[in-house]
2 protein chains.
Amino acid sequence: MKNSQLYKGSLNTIIMKLLEEQHRMYGYEITQKVKEITKGELNITEGALYPALHKLEAEGLLDVEVEKVDNRLRKYYKLTEKGTTETVNRLAELEEFIKNMQTIVNPKLSY
Amino acid sequence: MKNSQLYKGSLNTIIMKLLEEQHRMYGYEITQKVKEITKGELNITEGALYPALHKLEAEGLLDVEVEKVDNRLRKYYKLTEKGTTETVNRLAELEEFIKNMQTIVNPKLSY
DNA sequence: CTATTATGCATAAGAAAATTATGTATATAT
DNA sequence: ATATATACATAATTTTCTTATGCATAATAG
């Protein structure tokens, strides 16, 4: 992941949220999707993405299906049942995190 | 910093924002303030805080003044001029980050 | 009166998560 | 023919944090 180092620690949550929404995606597609929805502000690096996907798979949160499209390899990932449950938790944590950060940035709005 | 690892990378920004607001604070005070405004959800560990303060000082973003209060040592930190300028940038980055994360969590709201 | 908790600093060892730099391979556009 | 896009992967290093200590004084509880 690139840019303002604030994104450190949020990659797994981003991956899981996108997979919840899109049902299945492959690695490169994830990088492009994130770039698109953040208008180019967040570029996930391959060195961060692929190890993250492998780890989530090893933890039983993702399943993988390999397919060949246009003679190129694609590894489609989707959430397992366990992964779907865990995504709910992660998103709740993310919303709490965002709320807390907003309170810190703009304390007056929290009254 | 404890909890959901989403906070990774946000400690420096938190410190700088609080110092911008409070003018000067000492380490322990920062941990208590953060605990207070996040209602106990975010606990900054000493092992993260003190090295972070030292690094910000080494980078010329913070100045330190040592004082003895009630026979106990306190190191008061405040933003340097450079630190104040940098804080503006960091907060802008934080707001962008929050906005991007919200778009990822709730893509429908972004239209 | 003594032991725990709170205040206040610090650092070292290790883990986690990223960046940076490669490497392989095919397809498309210049 | 060469660069860019697509698509995966991993190794070395760096950054950032947790965990575990360590020291010292003050206040509170048993």
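The values are calculated or read from the model by the stated rules, or taken from the named source; none is laboratory data. Small disclaimer: the values here were computed from a predicted structure and weren't measured. Every residue, glycine among them, receives a Cβ derived from its backbone with ideal geometry; neighbour counts consider all protein chains shown. With ligands, DNA and RNA removed, areas are computed over all heavy atoms of the protein, side chains included. Shrake-Rupley method; radii C 1.70, N 1.55, O 1.52, S 1.80 Å.
Quick look at the values:
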quantity	calculated
Sole exception among (1) open to solvent by less than 70 Å² (accessible area, probe 1.4 Å); (2) at the interface with chain B (Cβ under 9 Å from one of its Cβ atoms) for A:GLN5, by number	(1)
Single residue of A:GLU21, A:GLU36 found to be of a type in the set (D, E, K, R), closer than 25 Å to B:TYR7 by Cα and more than 12 Å from the chain's Cα centre (by Cα)	A:GLU36
Filter result for A:GLU41 (at pLDDT 95 or above, among the charged types (D, E, K, R) and over 19 Å from A:ARG72 (Cβ atoms))	no
Segment A:65-84, residues that are out of contact with any Gly (no Cβ under 9 Å at 6 or more places or on another chain) and open to solvent by less than 90 Å² (accessible area, probe 1.4 Å)	A:GLU65, A:VAL66, A:GLU67, A:VAL69, A:TYR76, A:LYS78, A:LEU79, A:THR84
B:GLY40 being in a loop (DSSP other than H, G, I, E, B) and either in contact (Cβ under 8 Å) with a residue 60 or more places away in the chain or of a type outside the set (Val, Ile, Thr) (or both)	yes
Qualifying positions in segment B:56-83 - in contact (Cβ under 8 Å) with a residue 24 or more places away in the chain and not in a strand (DSSP E or B)	B:LEU56, B:LEU61, B:GLY83
Answer residue from segment A:8-50, given it is among the basic types (Lys, Arg) and either facing chain B (nearest Cβ under 10 Å) or in contact with a strand residue (DSSP E or B) (Cβ under 7 Å, 6 or more places away or on another chain) (or both) and is farthest from DNA strand D (Cβ to nearest atom) among those	A:LYS17
Some residue of segment B:99-109 being open to solvent by less than 60 Å² (accessible area, probe 1.4 Å), within 10 Å of another protein chain (Cβ to nearest Cβ), within 13 Å of DNA strand D (Cβ to nearest atom) and not acidic (Asp, Glu)	no
